[in-house]
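Below: one structure, written as structure tokens.
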Amino acid sequence: MTGMSPNGHAPTPLTRPVRLGVLVSYLRPEEKAILAAARDRGIEVAPIFDRQLVIDLSSPDAPGSGLDFDVVLDRCVAHSRSGYTLRALQRWGIPTLNSAEAVRLCDDKAENSLALELAGIPHPRTLLAFDVASALQACETVGYPAVLKPVTGSWGRLLARANGPEQARAILEQKKELGSFHHAIFYVQEYVEKPDRDIRVYVVADRVLAASYRTAKHWVTNAARGAESIPCPVTPEIEDLALRACAAVGARLAGIDLIETRDGLAVVEVNTGGEFKGLMTTTDVDIAGVIVDEAVSMARVRAA
Amino acid sequence: MNVTCPECGAEWELSGVEQGEIVTCPDCGVDLEVLSTNPVSVGLAPEEGEDWGE
Ligand SMILES: [Zn+2]
């Protein structure tokens, strides 16, 4: 290991293998690849299943919660579970690949938009409203068609495009009926004319590893919705935007979604839990291996 | 080792999997989770929560 540890002290080498915990909800091809890459490197790696966790908030250290790791990589799909777990790990001084704060800024679309706008990154115009009437006003402001998204969750679920006020009202009323308070936070975004594809860029530690076009006939281009991945050359513009977007939320590991607008590229969102199953088929870069190497470089240094 | 889909009853050979891994039933396409590896058994994958995503 080289460089400074996250707390700024010069690290002393571990006299035993690094213990890497991978926080998961379940294992997908990405997590399997990460576990395999870690084992190949002689790292002690174990999946941490979120639903099995009992986090002892009163404990001064992590082992009491079964979280005795030098570094933890968050690959959990359940955002509230990863949020709490990462904050507990932070309290216990265990480094995580992506800080609790970066994950917070990415797991909520409104926070994500704010962070991107603050950093001056091109991003579709987005308004937030908390009531059906005001959300309709927001739709008028961005113009129709307007895109409505839930602030939490992804994979394109509950994404809706309203072509006019009647449709918008119906969608908004229906969202409100869903009950959970999250659905009454209305995230209203302008609809951007773009080709039937978007660009997924993968960044680990200030380095763009690969990019791919995701194409879909449906206007929601999302790998989880059956979009197809084909290689996309990493242009200087893609690299610059992706790295700036990562920096805007403080992410060390992220999948960045870009769209090609008439005015150039824009960032739709940054995903700290970025999936790369599609990218694994379009690039020779060993994404899982790079992620593991980055985790090792962050591993907490403590006396073995 | 053979596993049985709890949704459609299809039986097929499943190996090289880890506990907690998500697999798809080759017959009905439902997402299944590997519950144990010795012997291999599968159950329905956890239902997606509202806040789930990447
Ligand atoms: Zn089946």
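Structure data summary
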| read-out | value |
| --- | --- |
| Summed buried accessible area for B+A [probe radius 1.4 Å, Å², rounded to 100] | 1900 Å² |
| Expected 222 nm ellipticity per residue - DSSP helices of 4 or more, -39500 (n - 2.57), all of chain A, to 500 | -9500 deg cm²/dmol |
| Alpha-carbon centroid distance for the pair the range A:151-205 / the range B:28-54, whole angstrom | 26 Å |
| Spatially near lysine pairs across the protein assembly as shown, Cα under 16 Å, sequence gap of 8 or more or different chains | 5 |
| Solvent-accessible area, 1.4 Å probe, carbon plus sulfur percent, for the protein assembly as shown | 51 percent |
| DSSP bridge pairs, the protein assembly as shown: antiparallel proportion in percent, nearest 5 | 75 percent |
| Dimensions (Å) - the protein assembly as shown, Cα atoms, principal axes, largest first | 63, 55, 45 |
| Shape call, chain B: gyration tensor on alpha carbons, a/c limit 1.5 | oblate |
| A:GLU260-A:ARG41 pseudo-label distance in nm [points 7 Å out on the Cα-to-Cβ vector] | 3.4 nm |
| Residue-normalised accessible area of chain A, expressed per residue, 1.4 Å probe, Å² | 44 Å² |
| Chain lengthening between A:GLU190 and A:HIS218 when straightened (0.36 nm per residue, less Cα-Cα) | 8.3 nm |
| Computed FRET value (nearest 0.05) for A:ALA119 with B:THR24, which takes r as the C-beta separation and R₀ as 41 Å | 0.55 |
| Cβ-Cβ FRET estimate between A:LEU57 and A:GLU101, R0 fixed at 25 Å, reported to 0.05 | 0.85 |
| Shielded by partner chains, the range A:14-32 residues - at least 10 Å² of accessible area, 1.4 Å probe, vs chain alone | A:TYR26, A:LEU27, A:LYS32 |
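The values are calculated or read from the model by the stated rules, or taken from the named source; none is laboratory data. Just so we're clear, the structure is a prediction, and the values are computed from it rather than from any experiment. Here Cβ is always computed from backbone atoms with ideal geometry, including for glycine, and neighbour counts include all displayed protein chains. Accessible surface areas use protein heavy atoms only, side chains included; no ligands, DNA or RNA. Shrake-Rupley method; radii C 1.70, N 1.55, O 1.52, S 1.80 Å.
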